[in-house]
Amino acid sequence: MPERFTLPVLPLRDTVVYPGVAVPISAGRPGTVEAVQEALDGDRRLFAVAQRENVDDPVPEYLYSVGTIVRIIQTHRVRGGVQLLVQGEGRAQAVSYHQDGQAMLQAVLLEMETLDPRNDEDPAFQALDTELRDRAAELGTRRGVPAEALNQLIQGVDEPGPFADLVAFYLELETPDKQELLELLDDEERMRACLLAVERELARLDAQEDIQAKVQSELGERQREMLLREQLKAIQKELGEEEERDDVEEMRQRLEELDLSEEQRSEVDRELRRLERTSPQSAEYQVIRTFLEWITELPWNERSEEKIDLAVAEEILDKDHYGLEDVKDRVLEFLAVRKLALERAEENGQGGDDEASDTEASDSETSDTETSDSEAAGLDADGGSEDTDGIDPDALDDIHEAENPGRGPILLFVGPPGVGKTSIAQSIARSTGREYVRISLGGARDEADIRGHRRTYVGAMPGRIIQGMRQAKSKNPVFLLDEVDKLGQSFQGDPSSALLEVLDPAQNSTFVDHYLGIPFDLSEVLFIATANYIDRIPGPLLDRMERVDFSGYTEAEKLEIAKRYLLIRQRRENSLEDHELTLTDEAIQTVVSKYTREAGVRQLEREIGKFARKVARQIAAGKLEKMEAGPDDIRELLGRPRVHPEKMAEKDTVGVATGMFYTPMG
């Protein structure tokens, strides 16, 4: 029975040492340095064994049991450790590991003897040895090893077993595979395993060279920087994975889920085929991909479920706005017509017969279609009742079915600044359960702002209408076109002319953005435009909208608005509690009449905010605990009045007449 002996352990990461091979090793871990010092103090021998996992603390569970006894030939102290040159002497098996010293491991070992070939003179064995040497020499040559050094290395080992160990060490194998070769004690079996590994390495080099040749033949002088990516592409092609481009497949799945018309589907499929044929490194690839991403993110058939409750709608409008009774009545009339149209559509079964707006047979899609029908009925009942007198109802239904059924009205809110035009549009969206989108048209001077740029331009993108639809993620949002009277005009086109198609109920069902190049249905969108001066809106554009006038607030209405909304908001914005600042009606009336002159309430809110900040300063300084402000406090903190209401002259004067003039501002 072999005799047992103990040696310090030299754990190895990502390498295996074989007998007869000299290997440089860097030792830096405390346990390894201690083991090296122990060997230098003794017979300079170590037990070099590979780790199963790349860990910093090599406990026995992470070490293989079979390793190599090595002898230290040279050492060189460096910062953080020691450089070693070790020579493998023979195989050994660890019976057990135990801790010794501060961090060093010791191993109780048994030497392992290899099995010599059964017959050295056997022609088959000699052929195996010759083949292994020839193929190993070929592999070394393919790797670029100089011929002189290669011949010296191969001819320096005569015995078949040690030569197999030498070849195994230089093979590019994973650690478990190298460990398996180390544990093969039969020299002939180890030679066969090494020959097989060499053949695999040569086959890999052949494939790599073939790939490089194919790639080089396809590359031009201006595409050399794409060499590495083309190599990867060729590798995937050799493996049969050329069609496994995850991004294109993901894009294809997302596009297939869209409910598109035949014309839209044809254009999208054409661009998708172009994407598949285009190299990912091409600039055109990103242009096509961006276009298809826009297509997938637009709401082609997603709608918000419209729920109209007149009591709730009236409550929302009253909660959000004080006054504006005429405007509220007009909005509630519009909602009432839509509610009746929805109920009539359900009674007559119109929602389930509409195949043009929705082709899917699910319950949710049927509900959406009924909503679309109600919108069409709401518009026609509201805006076209006078024109349809005398028309047969069946013929009228045919006309409605022939047109896009989801049509919504187009409202124009006209009035001075600060009277609530924008905020009442938000209230309409809340009342109907629709999404809300707002775009500001003030200063827009380019037609491309509305219709987008064509994809031939660098950095092209869709117009603001399509961008707003993507933001809404719904086909029937409330779409606010703010400041439509502030549109500009330049040599790049007239944006107000581009809005004609958007706001025309007869055309916007096939709105074509220059970037998309395919029709997009805007007929179900509830467009609301706002303007301060109606005379600045072009006649053809004004003719497409239904005007709703917003008048300025009276002083009594401003008083209530300040008490219900403005004072509460300014307390919150200036970190004041309710009891810390109160304003009497006389104080608010003083601010309204002597410090502001406007149709809206924006300047009034600024003056109240200014007063609240001054009170907050005094409270923060400890001068006040709370303030119940009257007219005198207003004058003290806001200064002398800046607005002096005009009065009729008490006495008549020659050449002077008293008159009154009205403007939209008051």
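The values are calculated or read from the model by the stated rules, or taken from the named source; none is laboratory data. Not measured: the values here are computed from a predicted model. Cβ atoms come from the backbone with ideal geometry, glycine included; neighbour counts cover every protein chain shown.
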Scanning region 564-606 for residues that are assigned to a helix (DSSP H, G or I), farther than 23 Å from H321 by Cβ and not β-branched (V, I, T) gives H579, E580, E586, A587, K594
Here are the criteria: (1) over 30 Å from E209 (Cβ atoms); (2) of a type outside the set (D, E); (3) out of contact with any Lys or Arg (no Cβ under 8 Å at 6 or more places or on another chain). Tell me which single one L63 does not satisfy. (3)
Some residue of region 65-75 being in contact with an Asp or Glu (Cβ under 9 Å, 6 or more places away or on another chain), in contact (Cβ under 8 Å) with a residue 60 or more places away in the chain, assigned to a strand (DSSP E or B) and of a type outside the set (A, V, I, L, M): yes
Take G42 and decide whether it is under 28 Å from E113 (Cβ atoms) and surrounded by 16 or more Cβ atoms within 10 Å (Cβ to Cβ). no
Any idea which residue in region 308-340 is nearest to the chain's Cα centre (by Cα), counting only those that are farther than 25 Å from Y565 by Cα and hydrophobic (A, V, I, L, M, F, W, C)? I308
Return the pair list, or none, for Cβ contacts closer than 8 Å from residues in region 185-209 that are closer than 14 Å to V167 by Cα to residues that are among the basic types (K, R), at least 6 apart or on different chains. E188/R118; L195/R135; V198/R135; E199/R135; L202/R135; L202/R142
For region 434-448, which positions are touching a Leu at 6+ places or on another chain (Cβ under 9 Å) and either part of a loop (DSSP other than H, G, I, E, B) or not assigned by TED's automatic domain parsing to the domain that holds Y533 (or both)? R434, L441, G442, G443, A444, R445
Exactly one of S575, S497 is small (G, A, S), surrounded by fewer than 19 Cβ atoms within 10 Å (Cβ to Cβ), farther than 24 Å from W300 by Cβ and at pLDDT 85 or above, and that one is S575
Give the residue, chosen from S497, S431, S427, that is outside the structural domain of L260 (by TED's automatic domain parsing), in a helix (DSSP H, G or I) and over 25 Å from D326 (Cα atoms). S497
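Here is a yes/no grid of residues against (1) at pLDDT 85 or above; (2) assigned by TED's automatic domain parsing to the domain that holds A27:
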| site | (1), (2) |
| --- | --- |
| Q83 | yes, yes |
| A103 | no, yes |
| A124 | yes, no |
| R143 | no, no |
| Q152 | no, no |
| Q155 | no, no |
Inspect region 444-457 for any residue being over 22 Å from D543 (Cα atoms), without any contact (Cβ under 8 Å) to a residue 12 or more places away in the chain and among the β-branched types (V, I, T) and give the result as yes or no. yes
Go through region 513-539 and give me each residue that's out of contact with any Asp or Glu (no Cβ under 9 Å at 6 or more places or on another chain) and more than 28 Å from R470 (Cα to Cα). G539
From the set of residues in region 94-136 that are more than 24 Å from D41 (Cα to Cα) and of a type in the set (D, E), which is farthest from the chain's Cα centre (by Cα)? E121
Could you run through region 234-269 and say how many residues are assigned to a loop (DSSP other than H, G, I, E, B) and at pLDDT below 75? 7
Is it true that R91 is at pLDDT below 90 and either under 47 Å from the mean Cα position of the chain (by Cα) or in the same structural domain as D165 (by TED's automatic domain parsing) (or both)? no
So if I check each of A107, A147, which one is surrounded by fewer than 18 Cβ atoms within 10 Å (Cβ to Cβ) and hydrophobic (A, V, I, L, M, F, W, C)? A147
Is at least one residue of region 58-78 of a type in the set (F, W, Y) and surrounded by fewer than 17 Cβ atoms within 10 Å (Cβ to Cβ)? yes
